[in-house]
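Right, one structure below, let's go through it.
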Amino acid sequence: MRITNKIMQRNNLSNINTNKMYQDRLSTQMSTQKKINRPSEDPVVAIRSLRLRSNVTEITQYYSKNIPDAESWIKITEDALSKLTDVITNMAAQCTRGTNSPFTTTDRGTVLEQLKLLGDEVYATGDADYAGRYVFTGYRTDTSLSFLGERTQNYTLTEQLDKTAFDVFSNVNTGKLLDINSANYDTLKNDDGSNITEDDIVAVDVHRIRLAYNNCAGYDELQNRQSELRKAFAANIPYWKATGDPSVDWDALDPDNLTADDIQKIEDAVNQIKDNQVNKPDEVVTIGGSSTTLPGGGISTTPGVITTWEKIDTAPLESWTSDWEDLQADMADSTYPASPIIEFTDADGNVNTWKGFTGESPTGVITLMHSHETNPSPYDYAAANADAIVYIPETGELLFGENRYEKLMDTKDSAATTDKNEAEIRITYEKDHWQKGDLRPEHYFYCEADKVDDAGNVVKDKEGNPVRLTYNDTYLTANAERQVIEYDVGFNQTIRINSRADECFNHGIGREVDDIINAMQTVLELEGAQADIKAIKDKLDDGDPKHDILQKQLDAVEKALTYAKEKEQKMFEGGITAFQKYLNETNVCVTACGSRGSKLDLIKNRSQNQKTTYETLKSENEDIDITEVAIQLNSAELTYDAALMAAGKVMKSTLLDFI
């Protein structure tokens with residue numbers, strides 16, 4: 001084959017261009033420090049680079065963002081739990097101090113103030129937040145654990161308890177002892193007109209379920225209306241009896257449990273009186289009066305009021321039934337909060353429901369009483385009536401007579417069912433006024449609540465009814481969903497970061513403090529009454545007959561004080577046990593939180609190693625060896641220069657140079 005100069009020139013130019021392209025590629029690698037500039041240069045490197053970059057991005061997200069965020073959350077939680085532990089430990093220490101003898105009035109006042117301060121602090125630690133997110137409130141990180149200020153908002157909540165919720169509560173009925181002062185000590189009497197003596201002082205034990213909240217929905221107006229109706233009923237009975245209808249057993253009627261037939265009988269009696277006023281106005285009639293057979297066979301007679309039909313004022317007789325019907329209508333229209341509802345499964349597997357206030361309906365079984373009532377007190381009433389269920393909204397207590405208590409104690413879970421807990425006792429009730437520091441029910445219970453706007457006003461629908469919100473509806477099912485927050489901290493790896501409020505900030509902590517404070521306050525008040533009576537007694541002249549009155553009152557105070565101190569000691573002893581239980585629960589949370597922190601440290605170390613490994617692999621796959629490429633580039637430059645020199649000589653030569 002004949003090689004011409006032209007061919008040699010073309011080949012030289014082609015090789016020079018190839019060398020220049022190679023030099024350009026090396027120069028680009030030196031400037032970018034990457035092996036390839038486009039996928040087509042090396043598809044294997046490109047594909048591997050995409051995978052490794054994705055791995056590096058993910059592990060960087062875990063290591064640089066998710067893990068530090070989880071560490072901060074856990075750290076905030078640990079700090080709050082540490083404070084809670086300190087508070088509960090201090091509470092137990094105050095109870096221990098209270099059990100030591102001697103326990104003076106000064107000591108009692110000091111412990112009382114300490115417990116009040118600790119009680120205010122215990123739930124405040126639960127409002128800890130991280131970057132504006134509350135750490136103990138589950139998914140509701142924008143909602144504080146407790147109410148941050150006083151608020152009126154109706155909640156209907158359901159507590160899911162069992163028979164371990166029962167305790168035996170001792171109550172000391174001090175009667176009117178605390179009302180004694182220098183102005184009335186010689187005239188103050190019991191409700192039955194008798195003098196105050198130590199026989200009036202009684203202490204009773206009653207079965208109790210202490211609800212999560214006190215100061216529940218107010219029933220004062222309802223109670224007052226019911227009380228007025230009872231008084232009016234007692235005053236009207238003699239007039240209704242005077243009609244002489246033998247078919248009616250007036251003494252058997254209960255104003256709290258009247259049927260429609262009972263109301264009709266009362267209205268018939270009123271109509272009969274009005275007819276008598278028209279037809280025989282001057283007829284003499286005896287209103288009231290009674291006779292009692294004495295043990296010896298004699299008869300004691302209480303005279304009635306002699307009058308005529310015309311002189312009887314029928315207005316209060318007629319208005320009683322309308323007042324009673326108005327009250328029933330108001331209760332039916334939810335003018336007043338509904339009674340608590342108690343649901344449980346008995347030993348035979350039957351679902352029982354106890355609800356309704358006595359006086360609200362014939363089937364009502366719950367007696368509404370108030371903590372200020374003394375004749376009888378709610379505790380005395382429950383202790384004396386085996387079938388009683390007493391609700392005290394101010395203290396948030398349900399008291400049970402012996403029969404009711406035994407029925408609930410028979411509940412037990414059945415091994416034959418897995419989707420139901422037959423040992424559960426559900427109690428549904430309302431609360432509508434909240435103080436600062438009260439725990440929000442939506443973090444603990446199934447509940448419904450009025451929706452409120454940012455200003456705290458209740459939001460209403462087009463019909464003017466409050467809009468209701470439902471929380472935790474799965475809590476009433478077997479597979480209740482608990483609000484656990486988990487972070488992705490590695491490839492297919494998550495870790496729980498939150499502790500729930502119901503695991504550590506128990507309602508019972510504050511309620512236990514309330515009980516102890518109330519017991520101590522009673523002792524302090526009785527000690528004050530004792531000092532006042534002694535001071536009054538010391539001022540009397542010797543031989544003054546009022547000494548006897550004061551001595552009897554003093555004996556009564558000392559008896560009540562003995563009972564109250566015994567109760568106080570029991571409360572302190574029970575408080576030590578209770579606070580130790582709450583402390584154990586808190587320690588479990590602290591341990592769990594610490595375990596998560598330790599696990600997170602291991603994950604962090606592993607993520608750091610993985611991040612280093614992936615970044616190394618990514619660099620080895622993408623990045624050039626600068627030294628090697630620099631040598632190659634220098635060699636390429638020398639080769640390029642040499643090629644130019646050789647090509648220059650070839651380009652000068654022509655065929656004429658060889659002729």
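The values are calculated or read from the model by the stated rules, or taken from the named source; none is laboratory data. Computed from a predicted structure; not experimentally measured. Note: ideal-geometry Cβ built from the backbone for every residue, glycine included; neighbour counts use all protein chains shown. Heavy atoms of the whole protein, side chains included, go into the accessibility calculation; ligands, DNA and RNA do not. Shrake-Rupley method; radii C 1.70, N 1.55, O 1.52, S 1.80 Å.
Only a single criterion out of (1) of a type in the set (A, V, I, L, M); (2) under 19 Å from D205 (Cα atoms); (3) in contact (Cβ under 8 Å) with a residue 24 or more places away in the chain is not satisfied by V365, namely (2).
The residues listed here are E481, E486; of these, the one that is without any contact (Cβ under 8 Å) to a residue 12 or more places away in the chain, surrounded by fewer than 14 Cβ atoms within 10 Å (Cβ to Cβ) and touching a helix residue (DSSP H, G or I) at 6+ places or on another chain (Cβ under 6 Å) is E481. Please work out if D601 is acidic (D, E), exposed (fewer than 14 other Cβ atoms within 10 Å of the Cβ) and within 59 Å of the chain's Cα centre (by Cα). Yes; evaluated as a whole, the condition is true for this residue. Scanning the range 233-250 for residues that are in contact (Cβ under 8 Å) with a residue 24 or more places away in the chain, open to solvent by less than 30 Å² (accessible area, probe 1.4 Å) and in a loop (DSSP other than H, G, I, E, B) gives a single hit, A242. Can you say whether E558 is over 22 Å from N181 (Cβ atoms) and open to solvent by 30 Å² or more (accessible area, probe 1.4 Å), as far as the supplied structure shows? No, not satisfied.
Summed over the range 546-564, the residues that are among the charged types (D, E, K, R) and either outside any helix (DSSP H, G or I) or in contact with a helix residue (DSSP H, G or I) (Cβ under 6 Å, 6 or more places away or on another chain) (or both) give a count of 2. The set of residues in the range 66-101 that are of a type in the set (D, E) and closer than 30 Å to K611 by Cβ comprises D69, E71, E78, D79.
State yes or no: is K570 among the basic types (K, R), closer than 30 Å to R496 by Cα and part of a helix (DSSP H, G or I)?
no
Of all the criteria given as (1) touching a strand residue (DSSP E or B) at 6+ places or on another chain (Cβ under 8 Å); (2) open to solvent by 30 Å² or more (accessible area, probe 1.4 Å); (3) closer than 23 Å to E503 by Cα, the one not satisfied by K460 is (3). Taken as a whole, the condition of being within 20 Å of R53 (Cβ to Cβ) and aliphatic (A, V, I, L, M) does not apply to L600. Whether any residue in the range 515-530 is in contact with a Phe, Trp or Tyr (Cβ under 7 Å, 6 or more places away or on another chain) and open to solvent by 20 Å² or more (accessible area, probe 1.4 Å) is what I want to check. No: zero hits. Restricting A70, A46 to those that are under 16 Å from S619 (Cα atoms) and either touching a Ser or Thr at 6+ places or on another chain (Cβ under 9 Å) or assigned to a helix (DSSP H, G or I) (or both) reduces the list to A46.
Beta carbons closer than 6 Å, at least 6 apart along the sequence or on distinct chains, pair a first residue in the range 536-551 that is charged (D, E, K, R) and surrounded by 12 or more Cβ atoms within 10 Å (Cβ to Cβ) with a second that is at pLDDT 85 or above and in a helix (DSSP H, G or I) for K537/L550. Does the range 97-126 hold any residues that are hydrophobic (A, V, I, L, M, F, W, C) and either exposed (fewer than 13 other Cβ atoms within 10 Å of the Cβ) or closer than 27 Å to A212 by Cβ (or both), and which are they? Those that are hydrophobic (A, V, I, L, M, F, W, C) and either exposed (fewer than 13 other Cβ atoms within 10 Å of the Cβ) or closer than 27 Å to A212 by Cβ (or both): V111, L112, L115, L117, L118, V122, A124.
Determine whether T141 is assigned to a helix (DSSP H, G or I) and farther than 14 Å from C504 by Cα.
no
The criterion of being part of a helix (DSSP H, G or I), touching a Cys at 6+ places or on another chain (Cβ under 8 Å) and in contact (Cβ under 8 Å) with a residue 24 or more places away in the chain does not hold for I603. Residues in the range 255-286 that are surrounded by fewer than 16 Cβ atoms within 10 Å (Cβ to Cβ) and free of Cβ contacts under 8 Å to residues at least 12 places away in the same chain were compared, and the one that is nearest to T314 (Cα to Cα) is N271.
Residues that are under 13 Å from G597 (Cα atoms) and of a type in the set (V, I, T) were ranked within the range 46-96; the one that is most open to solvent (accessible area, probe 1.4 Å) is I76.
To keep it simple, each residue is scored yes or no on (1) more than 44 Å from the chain's Cα centre (by Cα); (2) open to solvent by 90 Å² or more (accessible area, probe 1.4 Å); (3) within 30 Å of V44 (Cα to Cα); (4) without any contact (Cβ under 8 Å) to a residue 12 or more places away in the chain.
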site: Q580; (1), (2), (3), (4): no, no, no, no
site: C593; (1), (2), (3), (4): no, no, no, no
site: L617; (1), (2), (3), (4): yes, no, yes, no
site: I631; (1), (2), (3), (4): yes, yes, yes, yes
site: A647; (1), (2), (3), (4): yes, no, no, no
site: M651; (1), (2), (3), (4): yes, no, no, no
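From the list T164, T187, T158, the lone residue that is in contact (Cβ under 8 Å) with a residue 40 or more places away in the chain and either over 17 Å from the mean Cα position of the chain (by Cα) or not in a loop (DSSP other than H, G, I, E, B) (or both) is T158. Taking the criterion of being among the acidic types (D, E) and surrounded by 20 or more Cβ atoms within 10 Å (Cβ to Cβ), would at least one residue in the range 446-455 satisfy it? So far as the range 446-455 goes, no, none of its residues is among the acidic types (D, E) and surrounded by 20 or more Cβ atoms within 10 Å (Cβ to Cβ).
For the range 426-433, the count of residues that are modelled with pLDDT under 90 and more than 30 Å from S607 (Cβ to Cβ) is at least one.
Please state which one of V390, V467, V458 is touching a residue at least 40 places away in the same chain (Cβ under 8 Å), among the aliphatic types (A, V, I, L, M) and on the phi < 0 side of the Ramachandran plot.
Details: V390 fails: touching a residue at least 40 places away in the same chain (Cβ under 8 Å); V467 fails: touching a residue at least 40 places away in the same chain (Cβ under 8 Å).
Criteria check complete, one pass: V458.
Has the range 405-424 got any residue that is small (G, A, S), free of Cβ contacts under 8 Å to residues at least 60 places away in the same chain and surrounded by fewer than 17 Cβ atoms within 10 Å (Cβ to Cβ)? Yes: the range 405-424 contains one or more residues that are small (G, A, S), free of Cβ contacts under 8 Å to residues at least 60 places away in the same chain and surrounded by fewer than 17 Cβ atoms within 10 Å (Cβ to Cβ).
Scanning the range 190-232 for residues that are of a type in the set (S, T, Y), at pLDDT below 80 and outside any helix (DSSP H, G or I) turns up S194, Y219.
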